[in-house]
Amino acid sequence: MEFRYTPTEIEAKWQQAWADAASYQMPEVSDKPKFYALSMFPYPSGNLHMGHVRVYTIVDVIARLKRMQGYRVLNPMGWDAFGLPAENAAIERGVHPAKWTYQNIDQMRDQLKQLGISFDWTKEVATCSPDYYRWTQWIFLEFFKAGLAYQKEATVNWDPIDQTVLANEQVDADGRSWRSGAKVERKLLRQWFLKITDYAEQLLTDLDKLKGWPDRVKLMQANWIGKSTGAQVTFTTETGDEIVVFTTRPDTLWGASFMVLSPEHPLVEKLTTPEQAEAIKQYQAAAAAKSDIDRTDEGQEKTGVWTGSYALNPVNDQKIPIWIADYVLMDYGTGAIMAVPAHDQRDFEFAKKFDLPIKVVVQSPDQTLDAATMTEAYPGEGVMVNSGVLDGVPAGKGKGQSVEAAIAFLESKQKGKGTSNYRLRDWLISRQRYWGAPIPIIHCPKCGAVPVPDSDLPVALPENVEFSGKGGSPLTQLESWLNVPCPSCGTPAKRETDTMDTFIDSSWYFLRYPDANNDQAVFDRSITNDWMPVDQYVGGIEHAILHLLYSRFFTKVLRDRDLLNFDEPFERLLTQGMVQGRTYKNPTTGKYVLPGEIKDANNPIDPATGEKLEVVFEKMSKSKYNGVAPGDVVDKYGADTARMFILFKAPPEKDLEWEDADVEGQFRFLNRVWRLVTESRVGTNAINHTGRDAINRVSTHGNLSKTEKDLRRSIHTAIKEITEDLQGEYQFNTAVSELMKLSNALSDAQKDSPVYAEGIDTLLRLLAPFAPHIAEELWHTIGHSDSIHTQPFPIVDPSALIADEKTIVIQILGKTRGTIEAATAIADDKAALEQLARESEIAKRYIEGKEIKKVIVVPGKLVNFVVG
């Protein structure tokens with residue numbers, strides 16, 4: 001009887017068996033240590049791609065390993081299901097966003113189950129479900145009660161195609177929307193914000209607690225928070241108004257020769273003289289049409305308009321003109337700067353263009369700076385000059401240097417104070433669209449912004465809406481939903497029509513998973529605090545700033561609301577690389593060509609132009625025609641092969657280049673493992689239950705032949721190496737290599753030995769986290785009735801690694817002439833090993849009759865005779 005490896009049959013059978021047995025449900029009560037394994041949940045686009053397969057496979061190996069190592073494991077899955085694609089689908093296809101989204105979820109869930117991922121599906125969440133966004137709204141109200149959610153007029157990034165507000169992070173370097181590609185416009189709207197800046201210092205300093213995070217991710221977050229230290233300085237205008245600026249170089253105040261306000265600064269109108277009013281108005285309109293990226297571009301020509309007013313420099317009472325310029329942003333710092341053209345290049349260029357004074361206050365130690373002849377600003381070190389009480393003080397931020405002295409002077413005169421500033425801005429969460437969590441606020445003409453009572457949550461999205469894609473959110477046009485009585489006084493009022501940024505939904509989903517079905521509270525504190533923080537989080541580097549920063553922010557706020565008892569949500573973070581496909585690209589036109597149109601893969605030619613094509617590996621995408629459908633791979637080779645290839649091809653943090661030949665290689669390896677077990681015909685011999693006793697007997701290392709000892713050393717070397725590969729930095733690729741080595745060792749071994757039985761047992765248990773279906777099938781094939789995934793992961797026997805004998809290389813003049821076996825005690829003794837080598841037949845054959853000039857002995861490895 002022939003046992004063929006048929007992965008599609010085997011995998012479907014075991015997936016159903018695991019589901020029936022509820023094998024991967026979170027243990028409700030257990031005295032085992034916990035392990036929370038989490039992959040970033042996907043947007044339900046309708047189809048898995050290979051990037052999905054990679055991240056979920058990585059997490060699944062970790063989860064399965066930890067179960068076998070004695071942990072209670074939570075490995076949940078859900079859907080980041082709100083967002084514009086569903087609303088766009090409603091506009092384009094006439095399908096309600098909810099229907100489109102849930103159809104996609106059903107499809108992707110089925111695809112995920114075909115991969116054999118050990119998710120606990122009883123913990124599934126979808127952010128678009130009222131059962132979930134009820135609690136998203138509840139959390140918003142906690143922020144509101146804490147004074148961390150507020151509304152204000154703000155100049156926002158407006159996407160004219162999607163007709164919604166974008167966060168700064170959603171505008172690319174070219175000033176275009178990250179999703180629609182439209183050129184972003186500036187627009188003044190009343191918006192909701194979360195006061196993340198209140199937590200800027202904590203978010204920065206607590207990065208030091210994240211020992212299990214990649215350094216580059218922590219650096220990206222630190223740079224985004226962007227802490228700078230300096231002083232807050234108050235200038236007074238001729239009319240008595242105060243303008244506050246933040247500067248990192250208060251020591252250069254004596255060189256400030258003008259001020260610049262953002263065109264949106266609230267004092268601009270008051271400071272503008274009648275003669276300048278028209279020019280100011282026109283400039284403000286032009287600035288409003290530019291994105292922040294355009295306005296702050298270092299290379300753009302400096303523009304500005306004088307308001308006609310002056311301020312007094314607080315350190316010397318000199319009058320300096322007040323200008324407006326678009327490179328100063330209202331939402332960064334205070335929206336006002338002091339300009340020191342001699343020592344700041346941007347200010348220098350501005351001063352030169354508009355013929356404004358330049359005054360040197362830091363003298364270079366290498367040359368005498370003269371404002372009249374300077375061709376660029378001098379930002380370097382030196383000595384303070386023309387600076388009153390600071391004259392002669394070394395310029396710099398160190399102790400006893402000019403910045404420290406300037407702050408002390410300002411504070412003594414009550415003209416300023418030392419402080420810190422952050423690049424981080426408050427989080428704009430308002431979105432003018434339908435498919436998102438409604439903000440649970442009612443606007444009353446008497447009471448103002450009133451929170452919706454907890455008992456009235458969720459504020460459900462109405463279903464009877466029309467999607468035209470024009471005129472903003474459909475919620476603004478649905479009178480029956482919009483008009484409600486004020487919860488406080490009963491006066492006719494209106495609901496807030498903005499919905500929340502979808503990053504809100506993903507900023508707390510990991511807290512819901514442990515208690516996902518709770519309909520009485522956001523989560524049971526004891527349950528979530530027991531499982532949190534997440535032990536291993538895996539996802540793309542593209543989420544290094546926004547999602548991870550917002551999740552950390554939410555965790556800290558909910559901690560301060562007495563809901564959580566920890567500071568950080570994710571202990572360890574792994575950012576996996578991209579999956580890349582072979583791509584054919586015309587270097588002249590930049591267009592991609594379908595692989596099916598290539599007649600000769602060794603000499604790819606563009607069928608349209610006849611030009612030779614570039615062959616490169618790029619991130620898989622439909623537009624590049626280089627994608628590989630996971631379903632096609634699973635249908636042809638099975639999920640285990642797909643998993644093994646993804647794990648073997650590259651370290652998890654590196655990009656992976658998809659090659660069909662390598663997939664075939666992993667399929668052949670699994671077939672070899674299959675034959676190794678099934679063709680040995682040892683199901684009733686050394687490997688079955690009787691064999692288990694034999695395995696226990698050989699663990700004492702007694703009465704084994706040299707061949708058996710060598711095999712057992714190979715077995716326990718594999719255990720040692722794979723265990724180390726799965727600790728710390730996950731090196732799945734080298735772990736798979738060790739599995740192959742062990743398989744090869746067993747293929748050459750004596751089949752009726754109890755050590756061979758131990759080897760087969762070990763190979764299957766080592767393989768189980770990587771290729772769970774074939775490991776389960778073969779485990780039962782050799783006579784077991786329980787699941788391999790409930791077995792303990794193999795533990796190395798250190799004594800098995802010790803060799804009784806060592807193979808010693810014999811060299812003559814550096815050239816290998818053969819090998820000998822030496823007892824370990826002799827092999828490690830330099831003199832004894834040399835004597836043994838001299839007496840060997842190999843040495844006698846080559847050195848007889850010759851003068852031995854030198855003998856080089858490397859204990860345990862080789863003896864090299866240098867002869868004349």
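The values are calculated or read from the model by the stated rules, or taken from the named source; none is laboratory data. Here the structure is a predicted model, which means the values were calculated and not measured. Counting neighbours? That spans all protein chains shown, and the Cβs are built from the backbone with ideal geometry, glycine included. Areas reflect the complete protein model, heavy atoms only, side chains present, ligands, DNA and RNA absent. Shrake-Rupley method; radii C 1.70, N 1.55, O 1.52, S 1.80 Å.
Regarding V633, is this residue open to solvent by less than 40 Å² (accessible area, probe 1.4 Å) and in contact with a Ser or Thr (Cβ under 8 Å, 6 or more places away or on another chain)?
Spelling it out, V633 is indeed open to solvent by less than 40 Å² (accessible area, probe 1.4 Å) and in contact with a Ser or Thr (Cβ under 8 Å, 6 or more places away or on another chain).
Please go through region 201-236 and pick out each residue that is touching a Ser or Thr at 6+ places or on another chain (Cβ under 8 Å), more than 30 Å from M338 (Cβ to Cβ) and either without any contact (Cβ under 8 Å) to a residue 40 or more places away in the chain or assigned to a helix (DSSP H, G or I) (or both). Hit for region 201-236 is V217, nothing else. Checked against (1) surrounded by fewer than 16 Cβ atoms within 10 Å (Cβ to Cβ); (2) among the hydrophobic types (A, V, I, L, M, F, W, C); (3) not in a strand (DSSP E or B), I826 passes all but condition (1). Out of P595, P587, P604, one residue alone is more than 30 Å from W213 (Cβ to Cβ) and either crowded, with 17+ Cβ neighbours inside 10 Å or in contact (Cβ under 8 Å) with a residue 60 or more places away in the chain (or both). It is P604. Is one or more of the residues making up region 286-302 over 30 Å from Q170 (Cβ atoms) and in contact (Cβ under 8 Å) with a residue 40 or more places away in the chain? No, region 286-302 contains no residue that is over 30 Å from Q170 (Cβ atoms) and in contact (Cβ under 8 Å) with a residue 40 or more places away in the chain. Could you list, in sequence order, all residues of region 712-729 that are in a helix (DSSP H, G or I), surrounded by fewer than 18 Cβ atoms within 10 Å (Cβ to Cβ) and within 26 Å of the chain's Cα centre (by Cα)? If the condition is that a residue be in a helix (DSSP H, G or I), surrounded by fewer than 18 Cβ atoms within 10 Å (Cβ to Cβ) and within 26 Å of the chain's Cα centre (by Cα), then E724 is the only one that fits.
To keep it simple, each residue is scored yes or no on (1) basic (K, R); (2) without any contact (Cβ under 8 Å) to a residue 40 or more places away in the chain; (3) surrounded by fewer than 21 Cβ atoms within 10 Å (Cβ to Cβ).
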{"site": "I337", "(1), (2), (3)": "no, no, no"}
{"site": "H343", "(1), (2), (3)": "no, no, no"}
{"site": "L356", "(1), (2), (3)": "no, no, yes"}
{"site": "T373", "(1), (2), (3)": "no, yes, yes"}
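Considering only region 41-59, I want to know if a residue exists there that is in a helix (DSSP H, G or I), more than 24 Å from the chain's Cα centre (by Cα) and among the charged types (D, E, K, R).
No - not one qualifying residue is present in region 41-59.
If the condition is being assigned to a helix (DSSP H, G or I) and hydroxyl-bearing (S, T, Y), then region 237-281 contributes only T252.
Comparison of A21, A63 shows that the only residue that is touching a residue at least 24 places away in the same chain (Cβ under 8 Å), out of contact with any Phe, Trp or Tyr (no Cβ under 7 Å at 6 or more places or on another chain), at negative phi and surrounded by 22 or more Cβ atoms within 10 Å (Cβ to Cβ) is A63. Applying the criterion of being of a type in the set (V, I, T) and farther than 20 Å from S737 by Cβ to the residues of region 619-652, the residue that is nearest to the chain's Cα centre (by Cα) is V628. Scanning region 490-517 for residues that are open to solvent by 30 Å² or more (accessible area, probe 1.4 Å) and either touching a Cys at 6+ places or on another chain (Cβ under 8 Å) or without any contact (Cβ under 8 Å) to a residue 12 or more places away in the chain (or both) yields G490, P492. Could you say which residue among Y283, Y327, Y332, Y310 is among the hydroxyl-bearing types (S, T, Y) and in contact with a Gly (Cβ under 8 Å, 6 or more places away or on another chain)? It is Y283. Quick check: anything in region 123-134 touching a Pro at 6+ places or on another chain (Cβ under 9 Å), more than 25 Å from N88 (Cβ to Cβ) and open to solvent by less than 20 Å² (accessible area, probe 1.4 Å)? Yes: one or more hits. Could you tell me whether any residue of region 41-58 is surrounded by fewer than 16 Cβ atoms within 10 Å (Cβ to Cβ), under 30 Å from S430 (Cα atoms) and at pLDDT below 95? Checked against the condition, which is being surrounded by fewer than 16 Cβ atoms within 10 Å (Cβ to Cβ), under 30 Å from S430 (Cα atoms) and at pLDDT below 95, region 41-58 yields at least one hit. When the residues of region 68-86 are filtered to those that are open to solvent by 10 Å² or more (accessible area, probe 1.4 Å) and touching a strand residue (DSSP E or B) at 6+ places or on another chain (Cβ under 6 Å), the one that is nearest to Q163 (Cα to Cα) is R72.
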